[in-house]
Amino acid sequence: MTRPALPWILACLLLTALLLAAGLRVGSYETDYALIARALLHYDARDPAQLVLIELRLPRLLLALLAGAGLAMSGYIMQAMVNNPLADPYLLGTASGGALGASLTFVFVPGLTVAGLYLPPLAALLGALGTTLVVVVVGSRRGRIVPPLLLLAGVAVGSLTTALGGLLTFLAATDDKLRTITFWSLGGFERASWATLPYPAVAVGLGLGALALLHNHLSLLLLGEERATALGLPVARTRWLLLLVASGLTGGVVALCGPIGFVGLVIPHITRWLLGTVGRGNLLFCALLGGNFLVFCDLLARLLYPPAGLPVGLVTALFGVPFFVYLLRRMGS
């Protein structure tokens, strides 16, 4: 049953505002809401407190919001595409492929830039797309994607790219590079800045636009392949398009934040529980809810281990692992 999405979307937007306000308040530098309002309305870079708020905390929160939105939408796509409730961006090796691409730049590209272009997001996108294409080729028969075979291929190729990422960590020439890859692999938003925010913003914006155009196709896929085919949906072509969108979303996020797990598993389930299986507002609500979830996890990480905070990937695992076990038990029963 489909439920009205607008009230839930408005509630999610209100929650976003509250979480952003709380996130700007929490940190090693003392701030209050009056200072936050003054910094947002009349920013003065000469004030150290305002500098911390605008140049450090706000980009970090916006990156968490974008990363959560991208991973949640990617998980929604994956679960619809293979009609499997356990699917997420890591299922097909997409995230580990993006992580491998970014790791290559950390190890082999001095300064991480070429001709003024910041390379990790582009390398992560290429790694995510390349890995996904390999998985699709292995998981297809006669030009058609076979979901069970695709899942097994994703596990195998994902394990290979993870192992290659571990090899790069082992081969890191300096302690700085080793530290960079190690902390990045745990997931976090320390790389947030106004210069790097456009990469995930473009990925999420293009993803939302593409999914708005493919919404009816996605809804039909959620009904199952046989029904979708009977209703005239070109299933094979639609799955290819959705794979490209999911790879772009995941690669754009992983490049800056590292491999953050379970967002793409948990949030699509909550979306369908609240709004129903299909609905025009599902994707927007899923993106907002995913963003709020990661902002909350980042806030919790900073509260649990001030001032630096825990890696956010560890916090998402605290929520994701019990949820995954719950899904397994429910499917088993």
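The values are calculated or read from the model by the stated rules, or taken from the named source; none is laboratory data. Being a predicted model, the structure only gives us computed values, none of them experimental. Glycine also receives a Cβ, built like all others from the backbone with ideal geometry; neighbour counts cover every protein chain displayed. Surface accessibility is based on the protein's heavy atoms, side chains included, excluding ligands, DNA and RNA. Shrake-Rupley method; radii C 1.70, N 1.55, O 1.52, S 1.80 Å.
None of Ala192, Ala172 is small (Gly, Ala, Ser), modelled with pLDDT under 85 and touching a helix residue (DSSP H, G or I) at 6+ places or on another chain (Cβ under 6 Å) except Ala172. Restricted to segment 46-129, the set of helices (runs of 4 or more DSSP H) holding at least 1 residues that are closer than 24 Å to Leu214 by Cα comprises 58-82, 94-108. For segment 83-100, filtered to residues that are open to solvent by 10 Å² or more (accessible area, probe 1.4 Å) and at pLDDT below 80, the residue that is nearest to the chain's Cα centre (by Cα) is Tyr90.
Criterion applied to Arg3, Arg25, Arg46, Arg57 was being open to solvent by less than 40 Å² (accessible area, probe 1.4 Å) and either farther than 20 Å from Leu304 by Cα or among the charged types (D, E, K, R) (or both), and the one residue passing it is Arg57.
The set of residues from segment 123-157 being touching a strand residue (DSSP E or B) at 6+ places or on another chain (Cβ under 8 Å) and open to solvent by less than 10 Å² (accessible area, probe 1.4 Å) comprises Val136, Gly139, Leu150. Only one of the numbered conditions (1) over 21 Å from Phe285 (Cβ atoms); (2) more than 23 Å from the chain's Cα centre (by Cα); (3) hydrophobic (A, V, I, L, M, F, W, C) is not met by Leu24, and that is (2). Against the numbered list (1) open to solvent by less than 10 Å² (accessible area, probe 1.4 Å); (2) under 15 Å from Ser74 (Cβ atoms), Phe189 comes up short only at (2). Checking Val266 against (1) more than 19 Å from Pro311 (Cβ to Cβ); (2) modelled with pLDDT of 90 or more, which test does it fail? The failed condition is (1). If only residues of segment 194-218 that are touching a residue at least 60 places away in the same chain (Cβ under 8 Å) and surrounded by 19 or more Cβ atoms within 10 Å (Cβ to Cβ) are counted, the one that is farthest from Pro121 (Cα to Cα) is Leu218. Scanning segment 265-290 for residues that are among the hydroxyl-bearing types (Ser, Thr, Tyr) and open to solvent by 10 Å² or more (accessible area, probe 1.4 Å) gives a single hit, Thr277. Here segment 219-264 is the region considered, the condition is being outside any helix (DSSP H, G or I) and within 18 Å of Ala87 (Cβ to Cβ), and the residue that is most open to solvent (accessible area, probe 1.4 Å) is Leu223.
Scanning segment 144-193 for residues that are more than 23 Å from the chain's Cα centre (by Cα), in a helix (DSSP H, G or I) and without any contact (Cβ under 8 Å) to a residue 24 or more places away in the chain yields Pro148, Leu149, Leu167, Phe170, Asp175, Asp176, Leu178. Quick one: is Leu63 modelled with pLDDT of 90 or more, out of contact with any helix residue (DSSP H, G or I) (no Cβ under 9 Å at 6 or more places or on another chain) and of a type outside the set (D, E, K, R)? Against the criterion (modelled with pLDDT of 90 or more, out of contact with any helix residue (DSSP H, G or I) (no Cβ under 9 Å at 6 or more places or on another chain) and of a type outside the set (D, E, K, R)), Leu63 does not qualify.
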